[in-house]
Amino acid sequence: MADREPILEVANLVKHFPLTQGILFKRQIGAVKAVDDVSFELYQGETLGIVGESGCGKSTVAKLLMNLEQPTSGTIKYKGEDISKLSGRALRAVRRNIQMVFQDPYTSLNPRMTVGDIIGEPFEIHPDVAPKGDRRKKVRELLDVVGLNPEYINRYPHQFSGGQRQRIGIARGLALNPEIIICDEPVSALDVSVQAQVINLMERLQDEFDLSYVFIAHDLSIVRHISDRVGVMYLGKLAELGTDGEIYDHPTHPYTQALLSAVPQPDPEVRESRERIILTGDVPSPANPPSGCRFRTRCWKAEDRCAQEVPVLAIPERFAKDKGGVAHPSACHFAEERDVVHA
Amino acid sequence: MPEAEATNVNKAVRATGAPESDVAVTEGGQPAEMAASGPVPGKPRSLWSDAWHDLRRKPSFLISAGIILVLLVMAAWPGLFTSVSPRSGDLTTSYLQKPELTHFFQPEWLGYNQQGQSIYARMIYGTRASIVIGVSVTALVLVLGSIVGMLAGYFGGWLDALLSRITDTFMGIPFMLGAMVVLVSFDTRTTWTVTMALAFLGWTTIARVMRGSVIAIKQSDYVMAARSLGAGTGRILLRHVLPNAAAPVIVVAMIALGGYITAEAVLSFLGIGLSDPAISWGGDINRAQDQIRVAPHVLLYPSILLSITILSFLMLGDAVRDALDPKLR
Amino acid sequence: MSIEMTKAEVPGVPLLEVRDLHVEFHTRDGAAKAVNGVSYTVDAGETLAVLGESGSGKSVTAQTIMGILDMPPGRITGGEILFRGEDMLKMSEEERQRIRGDKIAMIFQDALSALNPVLSVGYQLGEMFRVHRGMSRKDAKAKAVELMDRVRIPAAKERVNDYPHQFSGGMRQRIMIAMALALEPDVIIADEPTTALDVTVQAQVMDLLAELQRDFEMGLILITHDLGVVADVADKIAVMYAGRIVENAPVHELYKRPAHPYTKGLLESIPRLDHKGKELYAIQGLPPSLTAIPQGCAFNPRCPMAQDVCFTDTPPLAEVLEQDGGPIGGRASACHFWKETIHG
């Protein structure tokens, strides 16, 4: 995989939201460090999963990738070109290739527009993609592709169920034939029986259109199912990054281990035999993160070194020669393998 | 500002504030139990047509809309309702003549005033002033307030700070007192002057409501989605923000309409509204107060019609608000 | 009647029993039949998980038990809710209030909106003791601190005067649990208690709830859509679909061999954590609209096993037996073809 050119390359991405006081004369009193030095690559046709708990910055990463927020520093390169500094026409051209599917199908569709107008809007913004006379036909095709009856073209979003609305959102994302789709919790608002349908649809579309996904979610099982590689985020930083097997079967970062062990598994046999790591306390505020390793306040392995030195995301030296799954980047001074998933 | 108006503004703001909190609840969660209702698709039904469906079944809407319709016709074609001129009076035969309550829709039906003019005819002809002022103030206020509110809400930053402070300044001026001060400085006051004076002071409510809804809507996912498609500011404002922010603003405006009619009547009553020879309910009520002991009917009937008109607009606004409330869907 | 009398166990009578409950909602499209003949029981020290998707009627049933159903548009059209053998729906409002405050407590999904933002946590916890037990302000506060300790809120003494927004999501949910526990109820109904929480915090809260339930010997009704949470804590499960219970089973049994095609489909449609797996099995179609529940078995449009009989006859919730006809115990399925589903 390493010899291929990445389609998307994120380097040292930082996003700080200033905290201000005062109404007319604002002064900065601090910053929420939502994303702090995050780097990863995305290759053509693969799915990169990003997992983490609320407030870890995963949704901010999505917005940065979509150019909906400006990064404080760092670069986002699409096919070698930094897109985070683009604007106007050049930005619009790039947008055609990177699209997004939102979490909440109840708020991501304009309630005053018909389904046809919603899916057809990309063509109005980018008129060169489809000539005017073709648009209606294109919209019907897209509805068909995502498994909705093309006859529903004149209906309004509130006439559909959550799963159907998410299909509409996906159709809108597909309209411009993008290469990359950023999915921000695309199924977490859906019912279990409908989640599987949408996941299957997304996998089918990936094969059909050779799409690359950045799949952001908090549900670790779903992320494992759909992802080729997975990044685990904690308080604005990547804690661990690797293939799905490396992360789930050979986790080396204590946070990943705790996270995985906390997932309730739909198998009562597992509940007696599985080892569970129950973390104490809550996630600290990203406005005032701990020094050194950000996980140290909840980590059972923490020593003085963790408070002073920020661990870098790299393959730990002692695993470098290992042929198994342990040799993958992990941002921990005391990385060590521990299987918490299998009974 | 009237008390009722203020509380209604709050309700409208709360209704539009809803999307924000909804997002927070669904974060990693599950949609509300009652949200799912299977595959409905029957006919295309927009939110407006749904609201219309609800309204048609509401007695309070039907009654108020019916009354307003009659008032509008009266304002447009007063000649349909009475054959006599409101200005012709015969002091010798009909000075302060008492009503003949069984002579429906006749000039003498509701009696005569001290000029010997038919009160019924004057009420019919007075409708136009009230309705024209009420409707045009509302229209002006909607346009001005919406523009200010939308700019402030959407662009934020220094523009918001500036526009919001201007709004606050205008809001600080007591509505009636301000209108009086403005109108006293005119020698002749036409429908146009009164309209401008009221609109000049009345747009702030709409601006505030608009700003509130726009702030909520600009953070919504569908605006994000449009931005990520590359939509420009104009498209986002006109296709996404305005249609969704309109509902609460229209409701507030409808309820305020009754208030503007009141304001016109009060100003005319105080003698600083429409000047003669314009016919208005407020002016007639003003002139009637001298004879209140001898001829209470001169005061009574225009007052009743004024109250019914104001009540109808309030009821209509209320009914429309209920029908548009997303919480009830 | 003294408190001691009502506390007494009546042999053979379940602690809480819902019997053939029917609830409807009035909507513009007609009556939405949210609950259509639900029956379940829970005993002291037992955890019953009610599993279902949105619109299955699991929360409406709970709200009916707690008497917090919005009426109108809601309407109870039939059934009984028996607390220690007495029908709560036939009681006077006063009696009902006493049971709901004292004997049955509820934990909600969204702790932030369930707590009053302008009152301190200590005040809200203490209120339970002042109102229901007539304690003094000082004693009530001491009790509040004790409770906060019990649900393991660190530095309870210092934090008792804090306001809800000053606590994190997990801590707020602990406060909700403390509130529910305050009067030592016999039954706790927890409606998606951990859905709004992060995985690592979820585990803490679920553990706490399970431990407290053991200590207090309470009956716990856990309402959830999460098959993982259920597997972790439940003793027995009732699976709901379109306002009916479609399957009853002890927890181990249900996961090993489901006896209803819906349960089976659900179990197959969730991805696994411990291996990657291939394409997910997906139950086709959508849950029915509650205003137009299909005739016969409500699951028939989505069921891979549906036969003619499924479109005409509503399957009863029948006892599920072993292949040789022997009893399994505690199992029932509302499927005409449960034998084929469970045995092969």
B:Asp276 assigned to a helix (DSSP H, G or I) and either away from chain A (no Cβ under 14 Å) or more than 30 Å from A:Met113 (Cα to Cα) (or both)
no
Selection over the stretch B:107-160 where residues are buried (at least 22 other Cβ atoms within 10 Å of the Cβ), among the small types (Gly, Ala, Ser) and under 15 Å from the mean Cα position of the chain (by Cα) yields a count of 5
query = Mind checking whether some residue in the stretch B:170-185 is closer than 22 Å to B:Leu270 by Cα, surrounded by fewer than 17 Cβ atoms within 10 Å (Cβ to Cβ) and over 23 Å from the mean Cα position of the chain (by Cα)?
reply = yes
Problem set entry | Filter result for C:Lys157 (away from every other protein chain (no Cβ under 14 Å) and free of Cβ contacts under 8 Å to residues at least 40 places away in the same chain) | yes
Does C:Leu286 qualify as being under 21 Å from A:Leu190 (Cα atoms) and outside any helix (DSSP H, G or I)? yes
Of the listed residues (C:Glu127, C:Glu86, C:Glu80), the one being surrounded by 15 or more Cβ atoms within 10 Å (Cβ to Cβ), more than 19 Å from C:Leu181 (Cβ to Cβ) and free of Cβ contacts under 8 Å to residues at least 24 places away in the same chain is C:Glu86
Here the qualifying pairs (Cβ atoms under 8 Å; residues six or more apart or on different chains; first in the stretch A:194-223 and at the interface with another protein chain (Cβ under 7 Å from one of its Cβ atoms); second surrounded by fewer than 24 Cβ atoms within 10 Å (Cβ to Cβ) and among the basic types (Lys, Arg)) come out as A:Ser221/C:Arg272
Exactly one of C:Ala332, C:Ala298 is farther than 24 Å from A:Asn200 by Cα, in contact (Cβ under 8 Å) with a residue 40 or more places away in the chain, in a loop (DSSP other than H, G, I, E, B) and in the same structural domain as C:Tyr255 (by TED's automatic domain parsing), and that residue is C:Ala298
Taking the stretch B:180-224 and keeping residues farther than 30 Å from A:Pro111 by Cα, not small (Gly, Ala, Ser) and not in a helix (DSSP H, G or I) leaves B:Phe186, B:Asp187, B:Thr188, B:Arg189, B:Thr190
Fill in: Check on A:Asp322, away from every other protein chain (no Cβ under 14 Å) and either acidic (Asp, Glu) or surrounded by 16 or more Cβ atoms within 10 Å (Cβ to Cβ) (or both)
yes
C:Tyr281: passes all of (1) in a loop (DSSP other than H, G, I, E, B); (2) touching a residue at least 40 places away in the same chain (Cβ under 8 Å); (3) of a type in the set (Ser, Thr, Tyr) but (2)
| message | Tell me yes or no: at least one residue of the stretch C:293-308 is in contact with a His (Cβ under 6 Å, 6 or more places away or on another chain), surrounded by fewer than 23 Cβ atoms within 10 Å (Cβ to Cβ) and at pLDDT 85 or above. | response | no
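Could you tell me whether the stretch A:287-303 includes any residue that is of a type in the set (Ser, Thr, Tyr) and touching a residue at least 24 places away in the same chain (Cβ under 8 Å)?
no
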Listed by range, strands (runs of 3 or more DSSP E) wholly within the stretch A:40-143 having at least 3 residues that are over 30 Å from C:Gln202 (Cβ atoms) are A:73-78
The condition of being among the β-branched types (Val, Ile, Thr), touching a Leu at 6+ places or on another chain (Cβ under 9 Å) and under 23 Å from A:Tyr255 (Cα atoms) holds, among C:Val199, C:Val187, C:Val151, C:Val160, only for C:Val199
Of (1) part of a strand (DSSP E or B); (2) away from chain A (no Cβ under 14 Å); (3) in contact with a helix residue (DSSP H, G or I) (Cβ under 6 Å, 6 or more places away or on another chain); (4) under 30 Å from C:Cys297 (Cα atoms), C:Ala105 satisfies every one except (4)
Residues in the stretch C:260-273 that are buried (at least 19 other Cβ atoms within 10 Å of the Cβ), part of a loop (DSSP other than H, G, I, E, B) and within 9 Å of another protein chain (Cβ to nearest Cβ) total 3
Going through (1) within 20 Å of the chain's Cα centre (by Cα); (2) away from chain C (no Cβ under 14 Å) one by one, A:Ala302 fails only at (1)
Checked against (1) surrounded by fewer than 21 Cβ atoms within 10 Å (Cβ to Cβ); (2) within 11 Å of chain A (Cβ to nearest Cβ), C:Arg257 satisfies every condition except (2)
Of the residues in the stretch A:88-132, those that are charged (D, E, K, R) and within 10 Å of chain B (Cβ to nearest Cβ) come to A:Arg89, A:Arg92, A:Arg95, A:Arg96, A:Asp104, A:Arg112, A:Asp117, A:Glu121, A:Glu124
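Here is a yes/no grid of residues against (1) assigned to a helix (DSSP H, G or I); (2) at pLDDT 90 or above; (3) not aliphatic (A, V, I, L, M):
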| position | (1), (2), (3) |
| --- | --- |
| B:Asp50 | yes, no, yes |
| B:Asp54 | yes, no, yes |
| B:Gln97 | no, no, yes |
| B:Trp109 | no, no, yes |
| B:Gly116 | no, no, yes |
| B:Val132 | yes, yes, no |
| B:Ser136 | yes, yes, yes |
When the stretch C:221-242 is checked residue by residue, the ones that are within 9 Å of chain A (Cβ to nearest Cβ) and either in a helix (DSSP H, G or I) or not hydrophobic (A, V, I, L, M, F, W, C) (or both) are C:His225, C:Asp226, C:Leu227, C:Gly228, C:Val229, C:Val230, C:Ala231, C:Asp232, C:Val233
Among the residues of the stretch C:180-217, the number that are within 21 Å of C:Ala44 (Cβ to Cβ) and either touching a residue at least 40 places away in the same chain (Cβ under 8 Å) or within 14 Å of chain A (Cβ to nearest Cβ) (or both) is 22
Over the stretch C:171-220, the set of residues assigned to a loop (DSSP other than H, G, I, E, B) and among the polar types (S, T, N, Q) is C:Thr194, C:Thr195
B:Ala231: passes all of (1) in a helix (DSSP H, G or I); (2) out of contact with any strand residue (DSSP E or B) (no Cβ under 9 Å at 6 or more places or on another chain); (3) within 14 Å of chain A (Cβ to nearest Cβ) but (1)
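Conditions (1) within 10 Å of chain C (Cβ to nearest Cβ); (2) out of contact with any Pro (no Cβ under 7 Å at 6 or more places or on another chain); (3) crowded, with 17+ Cβ neighbours inside 10 Å, marked per residue:
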| residue | (1), (2), (3) |
| --- | --- |
| A:His225 | yes, no, yes |
| A:Lys237 | no, yes, yes |
| A:Tyr255 | yes, yes, yes |
| A:Ser261 | yes, yes, yes |
| A:Ile277 | yes, yes, yes |
| A:Pro286 | no, yes, yes |
| A:Glu336 | no, yes, no |
The residue that is modelled with the highest pLDDT, considering only those in the stretch A:251-280 that are in a loop (DSSP other than H, G, I, E, B) and under 17 Å from C:Thr194 (Cα atoms), is A:Val263
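The values are calculated or read from the model by the stated rules, or taken from the named source; none is laboratory data. Here the structure is a predicted model, which is why all the values come from computation and not from measurement. Neighbour counts run over all protein chains shown; Cβ positions are idealised from the backbone, glycine included.
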